[in-house]
Amino acid sequence: MAVTRSITKSVRALHSSLRTNNIVLGAAATLGLLLSLYALYVELKHVQNPGYKAMCDISESMSCSHVFLSRYGKGFGILPEKSIFNLPNPIYGIIFYVGLLILVAISPLTNQRNVALVILGLSVVSVLMSAYLGYILYAVLKDLCVVCVSTYVANAVLLIAAIHRIIVISRSSVSGSPSPTSAKKNK
């Protein structure tokens, strides 16, 4: 009886921790998605009206339009200009954040560990790209893009939450607690 209570308590704590983690991952991915949508909106407005001044164009040295319209604003500045993959960076962001939101939504229904590893891998890539683009922003463009920096922060939060998720799931398997998916199956 005491063992059953202990396992039940452990499963509830695991569910609670993963639920909180899903909220954090979902919020950071939603923020990244909204920032990517706004960045794409600004780029499209500039195509329609080259004189467009975005809300994030605060000064000469704090201009998101300057960054978005630079050669680094498409294909991360590394893809050939004529490549079909040389798309505006926000399109890659939109795909990335929608994919993460889907993973977070389906994670309670699947193998938690595998989904957590995919989320972790994607988060690592996003932070590495943020570091690269942050360097370009600071050292090459000599600009401070508020939208870009906000995206870097969202990516850092995603990575921290992904690492936390792996730790929680690993601890539950080490302690012998059933995984959330196996606990649901056993009911």
Summed side-chain charge close to Ile136 - residues other than Ile136 whose Cβ falls under 12 Å, Lys, Arg +1, Asp, Glu -1: +1
Full-stretch length increase - Leu44, Val98 - with 0.36 nm per residue and alpha-carbon distance subtracted: 17.4 nm
Estimated inter-spin distance, Thr20 and Phe76, nm [label 7 Å along Cα→Cβ]: 3.3 nm
Lys, Arg +1 and Asp, Glu -1 on Cβ, resulting dipole of the range 54-186 about Cα centre, debye, nearest 20: 620 debye
Alpha-carbon Rg with Dmax, taken over the range 54-186, Å: 18.5, 61
Exposure proxy ranking, count of Cβ atoms within 10 Å, fewest first, for Met129, Met62: Met62, Met129
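Bear in mind these aren't lab numbers, they're just calculated from the coordinates by the rules spelled out. For clarity, every value in this text was computed on a predicted model and none was experimentally measured. With ideal geometry, Cβ positions are generated from the backbone for all residues, glycine too; neighbour counts draw on all protein chains shown.
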